[in-house]
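J.: So that we are looking at the same thing, I have put the structure below in C-alpha cells.
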Amino acid sequence: MAILAERASISRMTLSKVEKGDPTVSAGAYATVLHTMGMADRLADVADPRHDSVGIELEEENLPQRIRIPRSRKGAG
C-alpha cells in the first residue's frame, strides 16, 4: 500500500480513502491511482453514461409520455 501511494504521489491516507470509495477524494486522485496500476483505460468506464443506471432512470422520467406529430396542412408543400 505504501509503495502504491508513493508511486501515485498521494498520501497513504488518501489511498486508503480511494480504496474505500470515499466521495471526498478528488477525481484526480482516483485517476492517478488507476494510471499507476496500469488501469487508466478503466477511467473511461467511470465517465460512460451507459454505466449510470440512476442517470438513465432520471432521464427516462423526463421523457414525454406521448409524442404528437402535427398534421400536415392541405395544399402545403
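The values are calculated or read from the model by the stated rules, or taken from the named source; none is laboratory data. In this text, all values refer to a predicted model and were calculated from it rather than measured experimentally. Calculation scope for accessible area: heavy atoms of the full protein, side chains included, ligands and nucleic acids excluded. Shrake-Rupley method; radii C 1.70, N 1.55, O 1.52, S 1.80 Å.
J.: Residue by residue through the range 28-37, which ³J(HN,Hα) values in whole Hz follow from phi under the Karplus form 6.51 cos²θ - 1.76 cosθ + 1.60 (θ = phi - 60°), with glycine and proline marked x?
T.: Ordered by residue, 3J(HN,Hα) equals x, 5, 4, 4, 5, 5, 4, 5, 4, 7 Hz.
J.: Sticking with this structure for a sec: If you project the alpha carbons of the chain onto the principal axes, what extent comes out on each, in Å, largest first?
T.: 77, 24, 14
J.: Roughly how many Å² is the accessible area per residue of the chain, as a whole number, for a 1.4 Å probe? Display every interim value, and only then the final one.
T.: Values: 6960 Å² over 77 residues.
Ligands and nucleic acids excluded, the result is 90 Å² per residue.
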